[in-house]
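The values are calculated or read from the model by the stated rules, or taken from the named source; none is laboratory data. Values in this document were obtained by computation on a predicted structure and should not be read as measured data. As a convention, Cβ positions derive from the backbone with ideal geometry for all residues, glycine included, and neighbour counts pool all protein chains shown.
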Amino acid sequence: MAEGRAGLHCEAGCGLEYIGASFFRRCRRGYILFAGMLSMRSIAKRNGLRLDDVYIRILEVLQGHGRISNYKLAETVALSASPVHERVKKLESSGVVLTYTADIDLRKICQSIMIWAEVSLESYAKSFRNFDSAVAGIPEIVESYRVTGSADYLMRFVCADLDAYSALSARMMAMGLGVARIETRVVMERSKPFCGYPLRVLTAYEPPSCLDDKPAPVSRTLTVVRRGGA
């Protein structure tokens with residue numbers, strides 16, 4: 001990172017910036033403390049959408065059942081169909097709901113292998129934009145995240161087999177993008193599938209105020225030990 005202020009782009013078009021000793025998320029309307037100074041409800045309100053319990057229930061249902069009918073959705077959240085339809089449209093227009101996708105079981109249509117890889121770039125080749133552009137053109141890389149720590153990226157690959165992944169990783173090393181190291185983790189079994197974000201937990205979280213720096217009271221117990229006959 002550059003001295004003073006450096007940015008990391010995120011998939012949502014925002015970014016993370018290191019300012020002083022804190023990470024901030026850079027958005028179109030200013031800075032939001034990444035460590036959680038603002039609750040999810042406050043962020044949604046800033047974007048023109050006041051999240052209430054009905055919105056949360058709608059989102060919880062849509063996460064697991066994106067093709068649910070409006071009538072069934074209204075029945076599930078205990079609201080009439082017309083207000084539910086309006087709320088869903090607001091969630092879509094505000095960018096909270098980005099898209100609806102299908103979860104495909106690859107085991108039923110083809111042979112595949114899933115791999116998580118930590119990718120590190122050479123110090124002289126920290127051109128993240130060029131690397132991101134190259135990665136965008138590799139369909140076998142289905143997810144890519146810029147991360148902290150010893151590696152620069154965490155990526156999820158889905159390839160036909162281990163040989164296909166080996167050929168792809170070797171090609172990435174030879175593309176002139178400054179890839180220094182690729183550490184591979186082959187997924188043997190998925191122990192917990194992604195079933196949606198814990199919205200109720202996240203939206204209920206209210207971090208303590210940074211202005212309240214009063215130390216917590218310390219309880220001390222004094223023990224007197226008598227020796228001999230004293």
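Look through 101, 76 and report the one residue that is surrounded by 14 or more Cβ atoms within 10 Å (Cβ to Cβ) and free of Cβ contacts under 8 Å to residues at least 40 places away in the same chain.
76
Is there a residue in the range 186-202 that is among the aliphatic types (A, V, I, L, M), within 29 Å of residue 122 (Cβ to Cβ) and modelled with pLDDT of 95 or more?
Within the range 186-202, one or more residues are among the aliphatic types (A, V, I, L, M), within 29 Å of residue 122 (Cβ to Cβ) and modelled with pLDDT of 95 or more.
Yes/no matrix, rows are residues, columns are (1) within 18 Å of the chain's Cα centre (by Cα); (2) part of a loop (DSSP other than H, G, I, E, B); (3) at pLDDT below 95:
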site: 85; (1), (2), (3): no, no, no
site: 101; (1), (2), (3): yes, yes, yes
site: 124; (1), (2), (3): no, no, yes
site: 130; (1), (2), (3): no, no, yes
site: 139; (1), (2), (3): no, yes, no
site: 142; (1), (2), (3): yes, no, no
site: 145; (1), (2), (3): yes, no, no
site: 154; (1), (2), (3): yes, no, no
site: 167; (1), (2), (3): no, no, no
